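Quick one: structure below, then a few questions.
The values are calculated or read from the model by the stated rules, or taken from the named source; none is laboratory data. Predicted model only: the values in this text are computed from it and were never measured. Heads up, the Cβs are rebuilt from the backbone with ideal geometry, glycines too, and the neighbour counts pull from every protein chain shown.
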Amino acid sequence: MSRIDATFAALRERGRKALIPFVTAGDPHIDTTVDILVAMAGAGADVIELGVPFSDPMAEGPVIQKSSERALARGVGMAQVLAMVRAFRQCDAATPLVLMGYANPVERYGTERFADDAAAAGVDGVLVVDYPPEECAGFAELMVARGIDPIFLVAPTSSDARIARLGKLARGYVYHVSLRGVTGAGHIDIGAIGEMVPRIRAHVSIPIGVGFGIRDARTARAVAEVADAVVIGSALVQALAPCRPDEVAGRAAAFIAEIRAALDA
């Protein structure tokens, strides 16, 4: 059983929903990412998504785009991201960590080399935004062979056939994109999510997380009523952006604690 599977199993036994925050590696400061990860895990994050900076993050809104630009300007690439994962694992051997990013950095690094080094560093899952399930069975097999869960996005426009296809490849959880647009955009429609989640469940046996547009504790609580996990990124990245190095971990912990309390209320 993977760390992600074990985490969701433990949450089910306790009647809790998963909180999955996203931050960009190297932002807002290159030397505070590990502190942020540790603080979030301590404050109640169940799984953490760590963004791999990329120059053309097509699914991201301006908040995460700018965070990626700042990290790239500091020289953060795949090697630095994996070093951060290794450092996090020295502090926390239990919290699942998912790398989220795009195909270009993975392929520039070398796909098999990435698979080997990610596994050695302690990565639990990988979500490559622009790897559609129709074209990445080989990549998914590489991940699974090394004990890494391949995670996929499900859009509001995904057909039943496409959901069924990714359901055969996905491990850990699937990530339902709640909005037609980029991260941080628009207002979330709980009714639409409530209709989409059962469609996904008909084809997918693993947990369903929902993200895009979740900006506060109230919205997170509403999403948790219908999904297994709440994914929150842009609001967190935006909250951390102005923080000084000595205050960013505390701000991350406070943000997560507020969302965690809402989910557990």
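Does His203 satisfy being part of a loop (DSSP other than H, G, I, E, B) and crowded, with 17+ Cβ neighbours inside 10 Å?
Considered against the rule, which asks whether it is part of a loop (DSSP other than H, G, I, E, B) and crowded, with 17+ Cβ neighbours inside 10 Å, His203 comes out as yes.
Filter segment 218-265 down to the residues that are in a helix (DSSP H, G or I) and in contact with a Pro (Cβ under 7 Å, 6 or more places away or on another chain) and list them by number.
Across segment 218-265, the qualifying residues are Leu236, Leu240, Val248, Ile256.
If you don't mind, another one. Of everything in segment 106-162 that's in contact with a Leu (Cβ under 8 Å, 6 or more places away or on another chain) and farther than 22 Å from His176 by Cα, which residue is surrounded by the fewest Cβ atoms within 10 Å (Cβ to Cβ)?
Glu112
Further question on the same structure: Return the total of residues in segment 159-180 being part of a helix (DSSP H, G or I) and among the aliphatic types (A, V, I, L, M).
Going through segment 159-180 one residue at a time, the tally reaches 5.
While we're on this one: Quick one: Arg215 ticks every box in (1) modelled with pLDDT of 95 or more; (2) out of contact with any Phe, Trp or Tyr (no Cβ under 9 Å at 6 or more places or on another chain); (3) closer than 22 Å to Pro53 by Cα bar one, so which box is it?
Looking at each condition in turn, Arg215 falls short on (1).
Picking from Glu134, Glu141, Glu112, which residue would you name as being modelled with pLDDT under 95 and out of contact with any His (no Cβ under 8 Å at 6 or more places or on another chain)?
Testing whether each residue is modelled with pLDDT under 95 and out of contact with any His (no Cβ under 8 Å at 6 or more places or on another chain) leaves just Glu134.
I would also like to ask the following. Can we say Arg215 is in contact with a helix residue (DSSP H, G or I) (Cβ under 7 Å, 6 or more places away or on another chain), in a helix (DSSP H, G or I) and basic (Lys, Arg)?
In short, no.
While we're looking at this one, here's another question. Look at segment 7-22 and say how many of its residues are in a helix (DSSP H, G or I) and under 17 Å from the mean Cα position of the chain (by Cα).
2
Let me ask something else about it. Please count how many residues of segment 1-42 are polar (S, T, N, Q) and either in contact with an Asp or Glu (Cβ under 8 Å, 6 or more places away or on another chain) or free of Cβ contacts under 8 Å to residues at least 12 places away in the same chain (or both).
3
Which of (1) out of contact with any helix residue (DSSP H, G or I) (no Cβ under 8 Å at 6 or more places or on another chain); (2) in a loop (DSSP other than H, G, I, E, B); (3) crowded, with 18+ Cβ neighbours inside 10 Å is the odd one out, the single condition Ala93 does not satisfy?
So the condition that Ala93 fails would be (3).
Please go through segment 131-158 and give me each residue that is in a helix (DSSP H, G or I) and of a type in the set (Ser, Thr, Tyr), ordered by number.
none
Name the residue that is nearest to Arg108 (Cα to Cα), counting only residues in segment 36-60 that are modelled with pLDDT under 95 and buried (at least 21 other Cβ atoms within 10 Å of the Cβ).
Phe54
For segment 236-254, which positions are over 13 Å from Val38 (Cα atoms) and in contact (Cβ under 8 Å) with a residue 60 or more places away in the chain?
Result: Leu236, Val237, Gln238, Leu240, Ala241, Pro242, Cys243, Pro245.
Can you tell me which residue within segment 222-265, out of those that are under 18 Å from the mean Cα position of the chain (by Cα) and charged (D, E, K, R), is surrounded by the fewest Cβ atoms within 10 Å (Cβ to Cβ)?
Asp228
Any idea how many residues of segment 61-79 are part of a loop (DSSP other than H, G, I, E, B), within 25 Å of Ala120 (Cα to Cα) and not charged (D, E, K, R)?
Qualifying residue count for the region: 3.
Inspect all residues belonging to segment 193-208 and state whether any of them is within 18 Å of Leu99 (Cβ to Cβ) and at pLDDT below 95.
Scanning segment 193-208 turns up no residue that is within 18 Å of Leu99 (Cβ to Cβ) and at pLDDT below 95.
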